[in-house]
Amino acid sequence: MFPRLLPDVRWWAAGPGWRSLSNNRCSSSTAPEPHATSLPSQVQVVICGGGIMGTSVAYHLAKLGWKDVVLLEQGRLAAGSTRFCAGIVSTVKHISIETKMADYSNKLYQQLEQETGIPTGYTRTGSISLAQTQDRLISLKRIVSRLKVMGIPCEIITPKQVAELHPLINIHDLVGAMHVPEDAIVSSADVSLALANAASRNGVQIHEQTSVNHVLVEKGHVTGVDTDRGQIDCEYFVNCAGQWAYELGLSNEEPVSIPLHACEHFYLLTRPLQKPLQKNTPTIVDPDGRIYIRNWQGGILSGGFEKNPKPIFTEGRNQLEIQNLQEDWDHFEPLLSALLRRMPALEALEILQLVNCPESFTPDMRCIMGESPTVQGYFVLAGMNSAGISFGGGAGKYLAEWMVYGYPLDNVWPLDLKRFGALQSSRTFLRHRVMEVMPLIYDLKVPRWDFQTGRQLRTSPLYDRLDAQGARWMEKHGFERAKFFVPPGKDLLALDQSKTFYKPDWFDIVGSEVKCCKEAVCVIDMSSFTKFEISSTGDQALEVLQYLFSNDLDVPVGHIVHTGMLNERGGYENDCSVARLNKRSFFMISPTDQQVQCWSWLKKHMPNDSDLFLEDVTWKYTALNLIGPRAVDVLSELSYAPMTSDHFPSLFCKEMSVGYANGIRVMSMTHTGEPGFMLYIPIEYALHVYNEVMSVGQKYGIRNSGYYALRSLRIEKFFAFWGQDLDTFTTPLECGREFRVKLDKGMDFIGREALMLQRQEGVYKRFTMFILESHDTDLDLWPWWGEPIYRNGQYVGKTTSSAYSYTLERHVCLGFVQNIDAETGEAQVVTPDFINRGEYEIDIAGQRHQAKAKLYPFSSLFTQRRRKDEMELGFQGK
């Protein structure tokens, strides 16, 4: 095979094709020749990086009217990773914001040549994603149901239809495929040059052969950039340095953490087939074979994401322009074999070159976008996980809008730099994690999968104890959290390996934990929650927090308030509970992954007052959640204090002794709606208190429980979760939380004006609970999140979270319903009557299931009368 496939043909003997693209076109930039003009002394924005991301940001900033912009490139435009990009523009992504970015990119590239006069190689080929297994086909069906409601044409097709669209494809092992007819291919370098050309015409200055040494920062704000050609004063800096973004971020006096790491990425180029492929030949994605195949000048370009990737530049090696790295045919052989199985006709085709180029990957397979939490005016757009050309147009647009308007115009939290903390910046962590991330790009994504690398990074003091008792773990923001506890005698390996779209093997285990929470008492370690203390020497803390938070915090000492921080548009920037410890001190509890986001928002809006103190005390406290009707008995016995509602009312906080330990903050809430208490324990007492709780609790039927049970409880109680149900575009009025807002108390707070207007005009989406009725838990595919919601046959929204309710013995989905006029396409006010009068269906991988819509939880779920002030918002995460 190899003597026929690998003739002694080398890159520089390959003729003008790719060599022309990567060299001649790069040097034909419309930007000034190196050093032909001097650098400006002062501009509004400096962009570092002349690849697809930097040029896209420049293009969109200029479009939005920001023309006082300079783009700096250390080598030549489009001579970095962009130069070697495979050029596949695909809208097939697993989260909505990525699909939106890719769809916008596709539309932008289609008209870019007409706008600029520069050929971009845009060709609409369509793409075909193959499925070798039924599980893969289910995954594709889920994507199709989501893409269709976003206006992207796509369909599931048969193997026979695959052969009709691409006759060279071997279909013998296929069970189906997904066809997306509007996907495309482009010349990535030419797209970047076209964007640069348009930006330059619109006033943006572009300087090649100019390296950024570091960014100048004063008092937490960008003030300028130091380059090898002098200094530029500026208000904003955009790090689009690709694989060098990490090093550039750390070069400042106030470092900016940008967690990404490069891996080698391989693809081959061939000579044209005997009968050259047509320009519009569909791109093939064979995720089970780990390869992609596209037409390239009548031949093919084929690469993939192998199981054993090769990290590179861990030591931070630098170079001006990326050259083709060393060939490694042994490493590429599994992908080559998969290619030949899929297209046997290529057996005798000559290969021009095995290209080896670096691509940067992030710890969670999602790109990095947004403003630094530590340096205002420092923006980042990097870490594209080998999808740079698909995201380039859309990502540049979203970031430019973020800079110009002061906030993004869509929910970009899944991509926000602030989802990471400094803990993800270890080079060792990044090297190991990207070795897992790169193959995961084509791995099958099933519900509840977890990363395996970089684990046990943040753990509770109880980790070893819980692990010995059968805890199965998941990770959130680097923190280990128990999913559930496997009883003695169960096959642990089988449970960990049983990844499915159907009823999971842990179903009965979680069911028994839920039952215990409702009938006896469970203990859940929730130490991962973000915990802040805010205090002052005078009344400053209360005054500032009253403006930052939407609910009234001027409550008696010891009371707990469920609230949140809103933006100017009334959307949730944060969802939290705040306990008043004393007249000048408050204890704030937020979701785990909001640690950086919360801190950043508070610091940005708090005055620089030396008498105001903000401290992150997440690490100081272990949090135990005692859930269930017998929790009061356990705590009473341990504290020798009455814990009934008469002595310890709902939403109350008090420091107590538990066992031998003093200073335990006990709160009468559980984040589930069930009775019980949260215990915030100084970490040195954690093991003692846990042992005492478990010992005393034996007579009351106590057991450990995990976050899966918590999730089931909070969803059946209709509690929303920030980051999944709630986001920066969701207001309290849209999710039934108006009673948590001090609108009528005459106090100003961020977002009040927007909420007052919304209350007057009505809401255009409404948070709704759905009970699946025509769904067989044992036989049907389970809902996950992101499933389309149909009302009277018309698409009205999508689910945001779901879980099985062991109380109702039905699946419960939460999501937002909109009212879009079918004729005009305009949004209408969504009233309770509109919700209640509809007939609903939830689409799970193309199969619709009847559902009953509710705006309030079922009364049967409650053991006592529901009270508004006892409603809690869950923080437990996915």
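The values are calculated or read from the model by the stated rules, or taken from the named source; none is laboratory data. Quick caveat, the model's predicted, so the values are computed rather than measured. Every residue, glycine among them, receives a Cβ derived from its backbone with ideal geometry; neighbour counts consider all protein chains shown. These accessible areas exclude ligands, DNA and RNA; they are computed on the full protein's heavy atoms, side chains included. Shrake-Rupley method; radii C 1.70, N 1.55, O 1.52, S 1.80 Å.
Annotations for the structure displayed:
- Inter-label distance, nm, simple model (7 Å from Cα along the C-beta direction), K604/F834: 3.0 nm
- In loop segments of the stretch 346-449 as defined by DSSP, the GluC sites (Glu not before Pro) with at most 11 further C-beta atoms inside 10 Å of their C-beta are E347.
- Sum of -39500 (n - 2.57) over DSSP H runs of 4+, divided by residues of the chain (222 nm, nearest 500): -7500 deg cm²/dmol
- Counted residue by residue at 0.36 nm each, then reduced by the alpha carbon distance between them, the extension gain from D748 to V555 reaches 67.8 nm.
- Amide H partners (placed H, <5 Å) of W473, local residues excluded: K483
- The Cα-based radius of gyration and maximum Cα-Cα distance (Dmax) for the stretch 764-854 are 12.8, 42 Å.
- Based on the reciprocal of the average 1/r between different C-alpha atoms, the Kirkwood radius for the chain equals 28.9 Å.
- The accessible surface of the chain, taken with every protein chain in place and a 1.4 Å probe, is 48 percent carbon and sulfur.
- Annotation: D539 carries an accessible surface of approximately 90 Å², with a 1.4 Å probe and no ligand, DNA or RNA atoms counted.
- Listed peptides 404-411, 521-528, 608-615, 561-568 appear in the order 521-528, 561-568, 404-411, 608-615 once ranked by packing, highest mean of other Cβ atoms within 10 Å at the front.
- Working ranking of peptides 82-95, 274-287 by packing, defined as the average number of other Cβ atoms within 10 Å per residue, highest first, is 82-95, 274-287.
- Here the Karplus curve 6.51 cos²θ - 1.76 cosθ + 1.60, taken at θ = phi - 60°, turns the phi angles of the stretch 353-365 into couplings of 6, 9, 7, 10, 9, x, 10, 9, 10, 10, x, 10, 6 Hz, with x standing for Gly and Pro.
- Cross-link pairs beyond the 24 Å C-alpha cut-off, checked among K148/K445; K476/K499; K476/K852; K141/K798; K503/K699; K583/K620: K476/K852; K503/K699
- Of all complete DSSP H helices in the chain, those with a Cα span along the helix axis of 24 Å or greater and a mean Kyte-Doolittle hydropathy of -1.0 or more are 388-405.
- Set of lysines with alpha-carbon distance to K742 below 18 Å, sequence-local pairs under 8 removed: K868
- D539/A822 FRET efficiency (R0 45 Å; Cβ-Cβ; nearest 0.05): 0.25
- Of all DSSP bridge pairs formed entirely within the chain, close to 85 percent run antiparallel.
- Kirkwood radius for the stretch 42-361, taken over all pairs of different Cα atoms as the inverse mean of 1/r, rounds to 21.1 Å.
- Whole-Hz Karplus values for the stretch 163-174 come out as 4, 5, 7, 9, x, 7, 7, 7, 10, 4, 9, 8 Hz, taken residue by residue from phi with 6.51 cos²θ - 1.76 cosθ + 1.60 and θ = phi - 60°; glycine and proline positions read x.
- With all protein chains kept in place, the per residue accessible area of the chain amounts to 38 square angstrom at a probe of 1.4 angstrom.
- Backbone amide hydrogens, once placed in the peptide plane, bring F721 within less than 5 Å of L726, excluding anything fewer than 5 places away on its chain.
- In a reduced charge model with +1 at each Lys and Arg Cβ and -1 at each Asp and Glu Cβ, the chain shows a dipole moment near 1200 debye about its Cα centre.
- Debye intensity ratio in log₁₀ form over the Cα atoms of the stretch 530-711, taken at each q of 0.08, 0.18, 0.20 Å⁻¹: -0.26, -1.22, -1.42
- Sequence of S96, S645 when ordered by accessible area, the most exposed leading, probe 1.4 angstrom: S645, S96
- Think of the stretch 128-227 as a dipole: +1 on every Lys or Arg Cβ, -1 on every Asp or Glu Cβ, centred on the Cα centre; then among I138, L174, S200, I138 lies furthest on the positive end.
- Contour minus Cα-Cα distance for K852 and H331 (0.36 nm per residue): 182.2 nm
- For V89, the residues 5 or more places off, or on other chains, whose built amide H falls under 5 Å of its own are A184, I185, V186.
- Using a simple spin-label model with pseudo-atoms 7 Å out from Cα toward Cβ, E809 and Q452 lie 3.8 nm apart.
- Using θ = phi - 60° and Karplus 6.51 cos²θ - 1.76 cosθ + 1.60, couplings along the stretch 653-667 (whole Hz; Gly, Pro as x): 10, 8, 7, 9, 9, 10, x, 8, 8, 9, x, 7, 7, 9, 10
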